[in-house]
Structures are given as structure tokens and as C-alpha cells.
Amino acid sequence: MKNILYKLSFVFLLAGTFSSCSTYADDLLYDEVGDENPSTGQHYFNPPTWIQGKWKDDLTRYDYFYDFLRNDFREKLNDSMIKSYNALILESLDIPNQAISVEEIVISDSIYEFKIMSEVGSNVHYHFKKVDNNNMIQTYITVEGAPNVESAFERVP
């Protein structure tokens with residue numbers, strides 16, 4: 001439960017920061033496989049093929065919680081809100097001192113690990129480990145000194 005609360009608080013902080021700003025991200029067009037907007041040609045995520053698709057854990061009531069596309073990472077925040085992190089990053093580039101960046105740490109046949117970092121100091125560190133083709137473990141790596149939180153996820157057909 002702490003895992004979800006940490007992530008949601010970060011996402012809502014970022015979403016709140018940009019909700020009153022430019023609607024640039026609203027104009028971005030991403031298709032269902034995560035191709036970037038042809039006009040910008042930018043993407044920030046390169047998830048390995050084993051993780052691409054929709055995933056959910058036992059704690060969420062949604063039909064999925066994470067959606068890994070070929071060039072994007074999306075998180076379902078409630079019944080109607082889906083946040084594209086590519087769109088969030090692109091939108092942040094237009095706001096002084098608010099830029100968001102991604103550092104992909106490990107991309108392998110069994111691990112996908114990355115950090116989403118904000119100039120305002122909000123950082124989220126994701127680590128996903130493949131268990132089998134339909135199951136993975138996510139370790140939410142928290143701030144230094146706090147315990148890491150693990151959650152089991154299963155693929156959504």
C-alpha cells in the first residue's frame with residue numbers, strides 16, 4: 001500500500017504542477033503501440049519487449065495499473081486518468097526550472113530499471129524484474145534510508 005501511496009503522491013505532484021500550465025502534452029498524439037508524436041520525434045522510454053503490455057497488481061481495482069508501450073510508460077491513476085510519461089516530460093521542457101528527465105539504468109531480458117527525475121527534487125526510481133512471461137516484481141526504490149517496497153504484478157490479457 002505504501003508503494004502505491006508513494007507513487008501516486010509523486011504523480012499527483014507532477015500532474016498538479018503541469019495542470020495549470022501549457023496544454024502542449026494534450027496536443028501530443030501517441031498511438032496504441034507508443035509511437036512518439038511524428039512532429040517532435042522524441043521519446044524517453046525504451047522498455048524491453050518482455051515488459052511491453054498492461055500490468056496490474058492485487059491492490060488496484062483498475063483493469064490495469066502500468067502500460068509499457070514500445071516508446072512510452074503510462075500509469076493509470078484512476079478510472080479515467082492515464083498519464084503518459086513521454087507527454088509529461090515533453091510538457092515539462094516548456095516550463096522554466098521544471099524539467100523532468102529519465103535515466104534508464106538497466107534494460108535486459110529480465111530487468112527494466114529507470115529513474116524519473118524532476119528539477120524540483122521529486123524523483124521516482126522504478127525496478128521491474130521478470131518472474132515469467134505473465135508475472136513480474138516491481139521494487140519501488142524509495143528515498144535513502146527508507147525501506148524499498150515490492151509488489152507483484154501480473155500481465156493483463
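R0 = 22 Å: FRET efficiency of Glu150 with Gln98, Cβ-based, nearest 0.05? If you can, show how the numbers build up before the last one.
Values: r = 31 Å, r/R0 = 1.40.
After rounding, the FRET efficiency stands at 0.10.
As a test of reading the structure, rank Glu75, Glu119, Glu113 by solvent-accessible area (1.4 Å probe, protein chains only), most first.
Putting Glu75, Glu119, Glu113 in descending order of accessible area: Glu119, Glu113, Glu75.
For the stretch 98-157, what is the accessible area per residue in Å² when the probe is 1.4 Å?
Numbers: 3280 Å² over 60 residues.
Each residue of the stretch 98-157 exposes 55 Å² on average to a 1.4 Å probe.
Roughly what would the spin-label model give for Arg70 and Lys115, points 7 Å off Cα along C-beta, in nm?
Using points 7 Å along Cα→Cβ, the separation is 3.0 nm.
Could you please state how large a percent of the accessible area of the stretch 87-157 is carbon and sulfur, counting protein chains only and using a 1.4 Å probe?
48 percent
The values are calculated or read from the model by the stated rules, or taken from the named source; none is laboratory data. Just so you know, these numbers come straight off a predicted model, no measurement behind them. When we count neighbours, we look across all protein chains shown, and the Cβ atoms used for this are built from the backbone with ideal geometry, even at glycine. The accessibility values were calculated without ligands, DNA or RNA, using every heavy atom of the protein model including side chains. Shrake-Rupley method; radii C 1.70, N 1.55, O 1.52, S 1.80 Å.
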